[in-house]
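A.B. asks: Following this message is one structure expressed as C-alpha cells.
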Amino acid sequence: MIEDNKSVSEMMSMFFQKENWDASFAYDGNEAVDMFNEHADEWDMITLDLNLPGKDGMEVAKEIRKVSKTVPIIMLTARDTESDQVLGLEFGADDYVTKPFSPITLIARMKAIHRRNESVAKEAAKTNSDKPDTDENNEGFDVNTGYFKLNSNTREAFLDGKEIPDLTPKEFDLLKTLSSKPKQVFSREQLLEQVWDYDYFGEERTVDAHIKKLRQKIEKVGPQVIETVWGVGYKFDDSGVKAD
C-alpha cells in the first residue's frame, strides 16, 4: 500500500490482517518505487494513492509499469473527475477507488481483481495444454474473426494484421470479453461483473474510462471496432474492417 496518510495505512493494516494478507507500506513516491524494484516479482497487488510527496501516484504507476505490465494496481484518489481517472488508467492502473472509501469496498475490489487474475492464468494454462495442432496462421488464437485475432496465452490482439499496442491487463480482458461474442451488446453492469468480477461494487465510470483508452489504442492500428449502443452499453463489431 502506497499511501502518505498514516492513519489510512494503519486502518487498512487491520483489515489486511483480518484477511491474513501480508502487507507492506510506503509513504512517499520515491520510497514506493525503491520498495517495488527491490522485490519486483513478489507483489500480488498494489494500492496507490494519487497525491504523494516525492513522486506523485501517476509517476509511481509509470515507473512500476516499466518493470511489470501485469501486477494489479488500484489507484486511490480524492480527485473525482473523469480526466484524472482516465489519466490514472493511462499510466497503468487497473482500477480506481475514490476517497473517502470504505475499507470493505477496497478489500472487495482487491479480491475481485485477484480472482480475475487467477482465472485468467488458469484459462491461459488450460488453453496452452489443450491447444490442438492447427494451421500456423490460426494457432493459439481463441478469437479469430478474419479481421481480428486474439491470443489469451500471449495476451496479444491483432486488428487487420497489426498488433494493438500496449494493452493493459484490464483492456485486454475487456477486449476479449467483447470480441468473444461479436455484435452482442454488453451492459456496463455485465462488463463490471465479467471483466472486473464486481457484483456491483464497481462504478460504471470504470468501464467508460477503460473503453475510452481501449478505443484510442485500437485507432492506432485500424478502424474502430468497439461501438456504443446508446442507453444500453457496448459491443464489438469488425464487419466494417476491410483487410488490405
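The values are calculated or read from the model by the stated rules, or taken from the named source; none is laboratory data. As the structure is a computational prediction, the values presented were derived from the model and not from experiment. No Cβ is skipped: glycine too gets one built from the backbone with ideal geometry, and neighbour counts run over all protein chains shown. Heavy atoms of the whole protein, side chains included, go into the accessibility calculation; ligands, DNA and RNA do not. Shrake-Rupley method; radii C 1.70, N 1.55, O 1.52, S 1.80 Å.
A.B. asks: On the given criteria, is I104 open to solvent by 50 Å² or more (accessible area, probe 1.4 Å) and either among the hydrophobic types (A, V, I, L, M, F, W, C) or at pLDDT 85 or above (or both)?
C.D. replies: yes
A.B. asks: Can you find, within the stretch 11-41, the residue that is modelled with the lowest pLDDT among those that are among the acidic types (D, E) and closer than 17 Å to V60 by Cα? Walk me through how you get there before you give the answer.
C.D. replies: So in the stretch 11-41, the residues among the acidic types (D, E) come out as 19, 22, 28, 31, 34, 38, 41.
Next, only the ones that are closer than 17 Å to V60 by Cα stay: 28, 31, 34, 38, 41.
Values: D28: 94, E31: 95, D34: 95, E38: 93, D41: 89.
Of everything passing the filter in the stretch 11-41, D41 is modelled with the lowest pLDDT.
A.B. asks: Name, by its number, the condition in (1) surrounded by 12 or more Cβ atoms within 10 Å (Cβ to Cβ); (2) assigned to a loop (DSSP other than H, G, I, E, B); (3) at pLDDT 85 or above that does not hold for P165.
C.D. replies: (1)
A.B. asks: Then there is this: Can you find, within the stretch 143-154, the residue that is farthest from D238 (Cα to Cα) among those that are in contact (Cβ under 8 Å) with a residue 24 or more places away in the chain, under 21 Å from the mean Cα position of the chain (by Cα) and part of a loop (DSSP other than H, G, I, E, B)? So that I can check it myself, show each step before the final result.
C.D. replies: Within the stretch 143-154, the first condition is being in contact (Cβ under 8 Å) with a residue 24 or more places away in the chain, and the residues that meet it are 143, 145-148, 150, 152-153.
After this cut, where a residue has to be under 21 Å from the mean Cα position of the chain (by Cα) as well, the list is 143, 148, 150, 152-153.
Subsequent filtering for residues that are part of a loop (DSSP other than H, G, I, E, B) retains 152-153.
Numbers: S152: 19, N153: 22 Å.
Looking at residues that are in contact (Cβ under 8 Å) with a residue 24 or more places away in the chain, under 21 Å from the mean Cα position of the chain (by Cα) and part of a loop (DSSP other than H, G, I, E, B), I get N153.
A.B. asks: Quick check on this structure: which one of A157, A209 is within 17 Å of G233 (Cβ to Cβ), touching a helix residue (DSSP H, G or I) at 6+ places or on another chain (Cβ under 9 Å) and not in a loop (DSSP other than H, G, I, E, B)? Before you say what the answer is, go through the steps one by one.
C.D. replies: On the way: A157 fails: within 17 Å of G233 (Cβ to Cβ).
The match here is A209.
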